[in-house]
Every structure is written in C-alpha cells, then in structure tokens.
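Here's the structure, in structure tokens; my notes come after.
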Amino acid sequence: MAKKNGSILYKCSNCGYSQPRWLGRCPECGEWNCMEECIVDSSAVSPAGRGSPVSEKAKPIPLESVSSQDSARYSTGIPEFDRVLGGGATRRSAVLIGGEPGIGKSTLLVQTASKMAASFPGKILYISGEESAAQIKERAERLTLNCKGIEVLCTMRLEDILDSLEKINPVLVIIDSIQTVYSAEAGLVPGTVNQLKYCANELVSWVKNRDSVLIMTAHVTKEGTIAGPKTLEHMVDTVISFERNSDDVRFLHAQKNRFGSVDELGIFNMTEKGLEPVLNPATMFLSERREVQPAGVACAAVFEGNRVFLVEIQALTAPAKAAVSRVFSDKIDSARVSRIAAILEKRAGIKFLGQDIYINVAGGIRLSESAVDAALAVAMYSARTDIPVAVGTAIFGELSLAGEIRAVPKIKPRAKTAESLGFTRIYSAEKHPGVLQVRDIASLIKSVFGGSKAES
C-alpha cells in the first residue's frame, strides 16, 4: 500500500478557519458552503522556506472558459528586441538570455528597463548579484538613460528577492544573473545545479501568477550553450542567445519561444550610447565591390524571420595539411559543405581530393537555410578553379544529391531585395521576372562562369 504523503484539511475561503472535517457552515465566521479542500504536505518545502505548507487542491477548469493572453504583451521599447520576442514581452512569461561576458547583456537590460519605465506606470525591479547599485547607475548615466521608475536591488539571496517582489509587485523583473542567486534551502554555494533549478523554479512560479515579465541573464560555456542544467531552459518560456562577430555587431537569436517564431534575428551595433539597432541590415553582410571580386565569393539571398538578407559566402581551397582532407566551417554546417563538395565532384567534374576546404560568411552570421546550397556550390567551384564570379550576381536555391536545383520559398521578396541592392544577374530554380532560371548545377556553372545561358 502506498504511503500517504499528506493529509487533508478543509479551509474557509472567507476567514481562513481550518479543520479536518467538512462542515456546511464555518463555525468562525458563519458563512455557508465556504469550506474548501486543502492538502497538508509536511515533507514539502514551501517557497524559499516561507509561508504555510497548506495549499489548495488543484482542480480542472474548462478550457473554453480560459481567457486568451495572445495580445497581452509589453513593448520593451527596443524594436529589434521586440522582434526576437515575437512582438514584445508576453505577460506572465520568463525569458532567459545567454551570452559570453562583456557582450552587452547588462547594457541591453538597462536600456530595456529605462524604455519600459518611461512607458508603463508600474515599477521596474533590477536585481543584480554581480554589480553594485553605483555601477548600475554609472552605466545608465554613461548611456544617458532615464532612471525614473527603476528600483535596484543588489543581493544574491533568493529570500530577499522574493520579499521585494511581494512588496513592489513590478511590471518587469530583471535578474542579472541567475547563476549568482542562491537560497539557504538549496545550500549556501551559488551556481550549483540544485541552486539553479531551485531558484529559477521559485522565480518562474512567482511570475506565472502575476501580470509581470521576468528576464534572467545566464553565463555560457565555451561552446556557447547556457551553463548549468538543461532543465533551466525547459522552465522558461523563451531562450535567447546573445552573440557577436569580430566587429561591434551583436546578434539576438531566439533558440526557444513559446509565444513567437524562433527564426527572427535582432541586429545591433555597440556604440558609446549603448546598443543601437542596425537600420539597413540587408547590406551589412556584403562587401562593397564595384568592378571585380576575388575568386571563391558568391552572394545568396536568405530569410531570417520576416526579413531578407544578402549574404556573402566565402570559400577557399588549399592543399591538405594532413593525410585526410578536412572541412573548416563554423558558420555553415560542415556536413553540408562536404555534401556540396561530393555533388560537385559527381555532377560537375571538379575534384576536391587532397584539398582542405575553408568556408566563411561575411559579417559572422550563421546560415542554416537550404537556400544557400546553390551559392555555396558556386563559391566552392570558384575557389577551386580560381575563376571569380561576376559582380552583381546573386544565387539562391536548394541543391539535391542528383545535382538538381530546387525552388525555395518566397522567391519574390528575395529577388526584389537583390534587385534593390543593384544585383543584375539573379539565379533561381523558379521562373520570375528578372530571374534567370537554372535547373541543375551543371547549367548553373556554365551560365555563371561562361558558356550557355540559362533560361530567362
């Protein structure tokens, strides 16, 4: 027989009187039919060691009676941030932002706090376990931000945080960072697996019962993943990675979003005034060349969310430094590069035996869309033969193992964006005004590098 983990009490919803048996009338306040069933679990730990272990018994409710919260969003005041969140921060949601040290997580959150404090009547609570209040104020002054309506709490104790949340009831809660928060119920050392799971669970439980938004920052490992247990990502509603290239460009990309798309990309420039959105991101991944471009370079039109970007794919082949040829590509999956090389060997007669292949994407953006296959193949062919692609050429299409170039979605906005940026020779597998149609990799190579023309 299973052991009972708790006992049952009946609690008056009017005055709070409780007793072990149900009564039709409360003996304390005299109300009728007010006794509700509650569970007493002596082994359970109450939130942060506070409150009573008595809890109301959960009961099912009709789904049709639940009000939808689809439109219940708060604008962060930063359009690129709102784009990644799916149109704004959803109420009663928890957001986790991961990024390497010094990338600008605190700067982004201070700017968000200032923008939201100016737009909403509720208070903003900024909790920092890494910086003092003076350091946060200095950053805000350096960025010329308005600090009115922002409350600052510099502590690492979960109990202090929960007390402040109950007193202030802020519309936005910022935790910088979750790895610094600890509770005496889970030990005294911050950053352990138990601490992260326990503290994150308490904070997420708090925000789920209020019309607030919780944003937490987290450190990342050398591989770029959020440090700590994987369950931390399962607890929250949105997981956002904060990345950068070699320049001052920052990328916001959602890895998980229960209230929006994960394909949106937010692009910022880090300036003296903080993070500023890139006004024309379609051109930032292109190198300005007017007459001749070097061999091994091809341009593709890719979609990130609802926006089209023209990206420059760079390829280089060199004699292998080891007995086995290798592929060096961190912006495009190396398995895709190897597949494209095999297709070129089989369908175009170009050999990569004994060659190391290096692939890069200008601007540091990561590409996963299949529409870059054709441009990648042209760039690799150009690098191997040392024949440059003509300036003003854009290519997009998926490449099959049989060497066929297949159509990709949204050809019209891709072609329109390429034409607006001055591209005059646009190749695709689908017919469209101003687009040159190619059906396989052999005809594409002939048309790009000379020979027969593709069907117009």
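The values are calculated or read from the model by the stated rules, or taken from the named source; none is laboratory data. On a predicted model such as this, the values are computed, not experimentally measured, just so you know. With ideal geometry, Cβ positions are generated from the backbone for all residues, glycine too; neighbour counts draw on all protein chains shown.
Only one residue in Ile313, Ile343, Ile332, Ile359 is assigned by TED's automatic domain parsing to the domain that holds Arg414, more than 21 Å from Thr283 (Cα to Cα) and touching a Leu at 6+ places or on another chain (Cβ under 8 Å). Which one? First the steps, then the outcome.
Numbers: Ile313 fails: more than 21 Å from Thr283 (Cα to Cα); Ile332 fails: more than 21 Å from Thr283 (Cα to Cα); Ile359 fails: more than 21 Å from Thr283 (Cα to Cα).
The match here is Ile343.
Can you name the number of the only condition in (1) touching a residue at least 40 places away in the same chain (Cβ under 8 Å); (2) more than 25 Å from Gly305 (Cα to Cα); (3) more than 18 Å from the chain's Cα centre (by Cα) that Arg92 fails?
Evaluating Arg92 over (1) touching a residue at least 40 places away in the same chain (Cβ under 8 Å); (2) more than 25 Å from Gly305 (Cα to Cα); (3) more than 18 Å from the chain's Cα centre (by Cα) leaves (2) as the failure.
Test Glu100 against the criterion of being at pLDDT 85 or above, charged (D, E, K, R) and surrounded by 11 or more Cβ atoms within 10 Å (Cβ to Cβ), and give yes or no.
Criteria met by Glu100.
Identify all residues within region 228-252 that are out of contact with any Leu (no Cβ under 9 Å at 6 or more places or on another chain) and free of Cβ contacts under 8 Å to residues at least 60 places away in the same chain; write none if there are none.
Hits for region 228-252 are Lys230, His234, Asp248.
Please enumerate the residues belonging to region 404-442 that are basic (Lys, Arg) and within 33 Å of the chain's Cα centre (by Cα). So that I can check it myself, show each step before the final result.
Within region 404-442, the first condition is being basic (Lys, Arg), and the residues that meet it are 406, 410, 412, 414, 416, 425, 431, 439.
Across region 404-442, the qualifying residues are Arg406, Lys410, Lys412, Arg414, Lys416.
Quick check: anything in region 191-209 at pLDDT 90 or above, in contact with a Lys or Arg (Cβ under 8 Å, 6 or more places away or on another chain), crowded, with 19+ Cβ neighbours inside 10 Å and assigned to a helix (DSSP H, G or I)?
Yes: region 191-209 contains one or more residues that are at pLDDT 90 or above, in contact with a Lys or Arg (Cβ under 8 Å, 6 or more places away or on another chain), crowded, with 19+ Cβ neighbours inside 10 Å and assigned to a helix (DSSP H, G or I).
Restricting attention to region 155-167, which residues are more than 18 Å from Gln195 (Cα to Cα) and surrounded by 16 or more Cβ atoms within 10 Å (Cβ to Cβ)?
Listed by number, the residues that qualify are Ser164, Leu165.
Which residue is nearest to Asp82 (Cα to Cα), if the candidates are limited to region 296-314 and must be of a type outside the set (A, V, I, L, M, F, W, C) and at pLDDT 85 or above?
Filtering first and then ranking leaves Glu312.
Mind listing whichever residues of region 383-406 are buried (at least 21 other Cβ atoms within 10 Å of the Cβ) and hydroxyl-bearing (Ser, Thr, Tyr)?
Answer for region 383-406, where residues must be buried (at least 21 other Cβ atoms within 10 Å of the Cβ) and hydroxyl-bearing (Ser, Thr, Tyr): just Thr393.
Any idea which of Ser261, Ser287 is modelled with pLDDT under 90, surrounded by fewer than 18 Cβ atoms within 10 Å (Cβ to Cβ), outside the structural domain of Gly87 (by TED's automatic domain parsing) and not aliphatic (A, V, I, L, M)? It would help to see each step written out before you state the result.
Working: Ser261 fails: outside the structural domain of Gly87 (by TED's automatic domain parsing).
Answer to the selection: Ser287.
Which ones in region 253-308 are in contact with a Leu (Cβ under 6 Å, 6 or more places away or on another chain) and among the acidic types (Asp, Glu)?
Across region 253-308, the qualifying residue is only Glu304.
Among the listed residues Ala390, Ala415, Ala402, identify the single one that is assigned to a loop (DSSP other than H, G, I, E, B) and more than 22 Å from Ala295 (Cα to Cα).
Ala402
Restricting the search to region 131-152, which residues are touching a Ser or Thr at 6+ places or on another chain (Cβ under 9 Å) and of a type in the set (Val, Ile, Thr)?
Answer for region 131-152, where residues must be touching a Ser or Thr at 6+ places or on another chain (Cβ under 9 Å) and of a type in the set (Val, Ile, Thr): Ile136, Ile150, Val152.
If I ask for residues that are within 15 Å of the chain's Cα centre (by Cα) and either surrounded by 15 or more Cβ atoms within 10 Å (Cβ to Cβ) or part of a strand (DSSP E or B) (or both), which ones from region 210-231 would you list?
Ile215, Met216, Thr217, Ala218, His219, Val220, Ile226
In region 70-94, how many residues are surrounded by fewer than 18 Cβ atoms within 10 Å (Cβ to Cβ) and not in a helix (DSSP H, G or I)?
Initially, region 70-94 is screened for residues surrounded by fewer than 18 Cβ atoms within 10 Å (Cβ to Cβ), giving 70-72, 75, 79, 87, 91-92.
Checking the rest, the ones that are also not in a helix (DSSP H, G or I) come to 70-72, 75, 87, 91-92.
Adding up the residues that qualify gives 7.
Mind listing just one residue for me: the one in region 1-38 that is of a type in the set (Ser, Thr, Tyr), at pLDDT 80 or above and not in a loop (DSSP other than H, G, I, E, B) and, of those, nearest to Lys59 (Cα to Cα)?
The extreme case among them is Tyr10.
Out of region 350-378, which residues are at pLDDT 90 or above, among the small types (Gly, Ala, Ser) and either buried (at least 19 other Cβ atoms within 10 Å of the Cβ) or more than 23 Å from the chain's Cα centre (by Cα) (or both)?
Result: Gly354, Ala371, Ala374, Ala375, Ala377.
Here is a list of conditions, (1) in contact (Cβ under 8 Å) with a residue 24 or more places away in the chain; (2) surrounded by fewer than 16 Cβ atoms within 10 Å (Cβ to Cβ), and Lys412 meets all of them except one; can you say which number that is?
Result: Lys412 fails condition (1) only.
A quick yes/no check of all residues on (1) within 18 Å of Phe449 (Cα to Cα); (2) assigned to a helix (DSSP H, G or I); (3) small (Gly, Ala, Ser):
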| position | (1), (2), (3) |
| --- | --- |
| Leu344 | yes, yes, no |
| Ile350 | yes, no, no |
| Tyr358 | no, no, no |
| Gly364 | no, no, yes |
| Ala371 | no, yes, yes |
| Ala374 | yes, yes, yes |
| Met380 | yes, yes, no |
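Select from region 157-180 the residues that are of a type in the set (Lys, Arg) and either within 14 Å of Thr217 (Cβ to Cβ) or part of a helix (DSSP H, G or I) (or both) and list them in ascending order.
Lys167
Is it true that Leu145 is in the same structural domain as Pro190 (by TED's automatic domain parsing) and either out of contact with any helix residue (DSSP H, G or I) (no Cβ under 8 Å at 6 or more places or on another chain) or not in a loop (DSSP other than H, G, I, E, B) (or both)?
no
Looking at region 95-127, which of its residues are β-branched (Val, Ile, Thr) and not in a loop (DSSP other than H, G, I, E, B)?
If the condition is that a residue be β-branched (Val, Ile, Thr) and not in a loop (DSSP other than H, G, I, E, B), then Val95, Ile97, Thr107, Val110, Thr112, Ile124, Ile127 are the ones that fit.
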